[in-house]
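Q: Just dropping this structure here.
The values are calculated or read from the model by the stated rules, or taken from the named source; none is laboratory data. Worth saying up front: this structure is predicted, and the values here are computed from it rather than measured. All Cβ positions, even for glycine, are placed from backbone atoms using ideal geometry, and neighbour counts span all protein chains on display. Just the protein is used for accessible areas: all its heavy atoms, side chains included, with ligands, DNA and RNA removed. Shrake-Rupley method; radii C 1.70, N 1.55, O 1.52, S 1.80 Å.
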Amino acid sequence: MGIYITINNEPYTDLTTIPHLLMIGHNDYTYRDMLYMYNDLQKCKRIISVICNNQHQLEEINNELWRRYNLFRKYKLQNIDEYRNKIDASLPYIVVLSKMVDNSNCTHEILMLGRGAGIHLIMRAQSTDTELGDESFLLMFPIHFVYRVNNIEESIKLAHCQGAEKISQNSRVAIELGFEPGLLLKGSLGIEYQ
């Protein structure tokens, strides 16, 4: 099972291995790509996609996180993969697209525990300086896409961050493109389920 982030419809990396993504940019491209990903996710029957606009919605996702871990504990299982293999394969993955930065405890719990529960967070930020606060919150996202616009041309950059090198080396397309953290790519993001 893979939830692949795509660039120009080419699979780039599996969201389930990242497991969270931070999109940083002062422009409308981050919002546009978030909508592209949301529309792509609507086609995937085994994934629930949610767009969050406020902290209350993130708190509801956090409640679902703990509901799932209680369910796993009941059957003495560790994560969603074990649960889907042994109990119920219909338990959906959840991809949360957050249009705002939230540095609260519930967001920290989603970032730390979400992968095991099948919950993946894609968060949009206008800037790393003012919104994200301390560096520890930024490091909870092992991969960042930083948007740059020069005149009419748009590009996406994989920021240097913890784990980024490993992710880019494991990606089939990244290897084919000779992709390295910091290299600029042109195009738009999407999601593909395999």
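Q: What pairs come out if I take residues in segment 95-108 that are touching a residue at least 40 places away in the same chain (Cβ under 8 Å) and pair them with residues that are crowded, with 19+ Cβ neighbours inside 10 Å and polar (S, T, N, Q) whose C-beta lies under 7 Å away, six or more apart or interchain?
A: V95/S49; L97/S49; C106/N62
Q: Moving to a separate point now. Just give me the residues in segment 102-126 being open to solvent by less than 30 Å² (accessible area, probe 1.4 Å) and in contact with a strand residue (DSSP E or B) (Cβ under 7 Å, 6 or more places away or on another chain), in sequence order. Walk me through it before giving the result.
A: Taking segment 102-126 as the starting set, the residues that turn out to be open to solvent by less than 30 Å² (accessible area, probe 1.4 Å) are 102, 104, 106-107, 110-111, 114, 116-123, 125.
Of everything in segment 102-126, those that are open to solvent by less than 30 Å² (accessible area, probe 1.4 Å) and in contact with a strand residue (DSSP E or B) (Cβ under 7 Å, 6 or more places away or on another chain) turn out to be I110, L111, G114, G118, I119, H120, L121, I122, M123, A125.
Q: Quick one: what pairs do we get from segment 54-79, first residue in contact (Cβ under 8 Å) with a residue 12 or more places away in the chain, second among the charged types (D, E, K, R) and open to solvent by 40 Å² or more (accessible area, probe 1.4 Å), C-beta under 7 Å, 6+ apart or different chains?
A: N62/E109; L65/E109
Q: Name every residue in segment 95-120 that is among the small types (G, A, S) and part of a strand (DSSP E or B), in order of residue number.
A: Here is the first cut: in segment 95-120, the ones among the small types (G, A, S) are 98, 104, 114, 116-118.
Residue satisfying the conditions is S98 alone.
Q: Please determine whether any residue of segment 85-94 is part of a strand (DSSP E or B), modelled with pLDDT of 90 or more and closer than 15 Å to L21 by Cα. Let's see the steps before the verdict.
A: Here is the first cut: in segment 85-94, the ones part of a strand (DSSP E or B) are 93-94.
Filter once more, keeping what is modelled with pLDDT of 90 or more: 93-94.
Okay, now just the ones that are also closer than 15 Å to L21 by Cα, so 94.
Yes - at least one qualifying residue is present in segment 85-94.
Q: Working only within segment 24-82, note down all residues that are hydrophobic (A, V, I, L, M, F, W, C), open to solvent by 60 Å² or more (accessible area, probe 1.4 Å) and more than 18 Å from the chain's Cα centre (by Cα).
A: Selection gives W66 alone.
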